[in-house]
Amino acid sequence: MKRKMIVAGSLAMLMLGVAAAHASDGSLSSERLDAVLEKAAAFGFQHYQEIEAKGGDNVKIEGWLDDEWQAEVRLSLETGQTLEEERKRREGGAWGMSEDDVRMAMVAAVAEGMVEFEEIEVDRDGSIEIEGRDADGREIEVKARQGESGVVEVKRD
């Protein structure tokens, strides 16, 4: 009887661990990009420097609200609630990807086999990097250029 309780307890702990691992998985289906961009636009983002899946339905977005205000926000896709927010007034003007740039880069990544994304990031030179996973769960990294529909480089692990 004691052995059955230990086995049952171990199984329960294992199941909790598996559930926690899935809940903290830092990726989103590429199909969820529309929801991310919808919530980000509702918040006020006009330019995107980074979009990062943080696990569950949370996403961190860094970018510009206008030409003066840069923001880093963590949002719940399920509720639309702002979980964290930081704004900084900056000089030099906004830079980053437009919503169309983000979509075009994701289309290129999906064409290369990406089904989940973890992070989309652009640098000041317009180089876009999307990290994610393919249908087999393998890591894939796709690089593209801002304003261009093609892929520059693909790395698979």
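The values are calculated or read from the model by the stated rules, or taken from the named source; none is laboratory data. Note that the coordinates shown come from a computational prediction; the quantities given were computed from them, not determined experimentally. Here the Cβ positions follow ideal geometry from the backbone for every residue, glycine too, while neighbour counts run over all protein chains shown. Areas reflect the complete protein model, heavy atoms only, side chains present, ligands, DNA and RNA absent. Shrake-Rupley method; radii C 1.70, N 1.55, O 1.52, S 1.80 Å.
Quick one: in region 57-83, which of the residues that are assigned to a loop (DSSP other than H, G, I, E, B), open to solvent by less than 40 Å² (accessible area, probe 1.4 Å) and in contact with a strand residue (DSSP E or B) (Cβ under 9 Å, 6 or more places away or on another chain) is modelled with the highest pLDDT?
Leu65
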*asked:* I need the full set of residues from region 111-139 which are farther than 22 Å from Gly56 by Cβ and either at pLDDT below 95 or of a type outside the set (S, T, N, Q) (or both), in order please.
replied: Ala111, Glu112, Gly113, Val122, Asp123, Arg124, Asp125, Gly126, Ile128, Glu129, Asp136, Arg138
_Residues that are assigned to a helix (DSSP H, G or I), within 23 Å of Gly93 (Cβ to Cβ) and touching a helix residue (DSSP H, G or I) at 6+ places or on another chain (Cβ under 9 Å), drawn from region 28-53_ = Leu37, Ala40, Ala41
*Out of all the residues in region 133-142, which are over 10 Å from Glu112 (Cβ atoms) and either open to solvent by less than 80 Å² (accessible area, probe 1.4 Å) or hydroxyl-bearing (Ser, Thr, Tyr) (or both)?*
Arg133, Gly137
_Contact list please: Cβ distance under 6 Å, first residue in region 71-90 and under 13 Å from Gly56 (Cα atoms), second residue exposed (fewer than 12 other Cβ atoms within 10 Å of the Cβ), pairs at least six apart or on different chains._
Arg74/Glu84
*What pairs come up if the first residue lies in region 110-130 and is touching a residue at least 40 places away in the same chain (Cβ under 8 Å) and under 22 Å from Arg74 (Cβ atoms), the second is in a strand (DSSP E or B) and of a type in the set (Gly, Ala, Ser), and their beta carbons are under 7 Å apart, counting only those six or more places apart or on different chains?*
Glu116/Ser29; Glu116/Gly132; Phe117/Ala53; Phe117/Gly132; Glu118/Ala53; Glu118/Gly132
_For region 119-157, which positions are of a type in the set (S, T, N, Q) and either touching a strand residue (DSSP E or B) at 6+ places or on another chain (Cβ under 7 Å) or in a strand (DSSP E or B) (or both)?_
Ser127, Gln146
*Candidate set from region 100-122 (those that are open to solvent by 30 Å² or more (accessible area, probe 1.4 Å) and touching a helix residue (DSSP H, G or I) at 6+ places or on another chain (Cβ under 8 Å)); member that is nearest to Ala35 (Cα to Cα)*: Arg103
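Among Ala19, Ala41, which is the only one that is hydrophobic (A, V, I, L, M, F, W, C), modelled with pLDDT under 90 and open to solvent by less than 60 Å² (accessible area, probe 1.4 Å)? So that I can check it myself, show each step before the final result.
Details: Ala41 fails: modelled with pLDDT under 90.
Just one listed residue meets the conditions, Ala19.
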_Single unsatisfied condition, Lys54 versus (1) at pLDDT below 50; (2) crowded, with 16+ Cβ neighbours inside 10 Å_ = (1)
